[in-house]
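Please treat every number below as a calculation from the coordinates, not as lab data. If you're wondering where the values come from, they're calculated on a predicted model, not measured in any experiment. Note: ideal-geometry Cβ built from the backbone for every residue, glycine included; neighbour counts use all protein chains shown.
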Amino acid sequence: MTLSELLDEAKKKQGTLGRVAELLGIQQSAISHWRKGTYKPDTTNIVKLAELAGLPVLETVAQIESQLHPEVSEAWQRALGKLRAAGVAASVTSTTLVTATLLASLPSEANAITRHSDGVSVYYVKRRRDLAKRVFAFIHRTLRGLTPAKPAIAL
């Protein structure tokens, strides 16, 4: 799936790109910039777009991020393969990659600290701490709601 296809799916589900932009809390012109490739959406917006489009979040994020950031494409593809092969267990790997991608997109001069919660390392960047917390909390809630009997994604 490409970013343009994701935007089209979100538009189909929500009615208009204006509605999609409103739900994302952005200007509609930002969506036009994403489609043209002038700017790239951050991981949080990709997650929200997948939800608005009714698509599997982790698989969609892996597909879009591997296209937007070719330098980590192989890592995303490996994670996606594990996700498909191992279901819920591989979802934890994808969660780590989403957090790592968030960190990679932040300014290099930002100071990072590590906190441990339930045995999982959570990385916070002081300047963008709230964003990282919201994304991690969303992914954590999503994974917590999955059980081994319920597949992580529809194949």
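I'd like the FRET efficiency for residue 13 and residue 73, computed as 1/(1 + (r/R0)^6) with the beta carbon distance as r and R0 of 25 Å, rounded to 0.05.
0.40
Once you have all Cα-Cα distances for region 1-55, histogram them in 10 Å bins from zero and send the whole-percent values.
For region 1-55, the pair-distance distribution reads 27, 67, 7.
Set the bar at 24 Å for Cα to Cα. Now go through 13/82; 11/36; 12/82; 13/36; 12/40 and name every pair that lies beyond it.
Beyond 24 Å: 13/82; 12/82.
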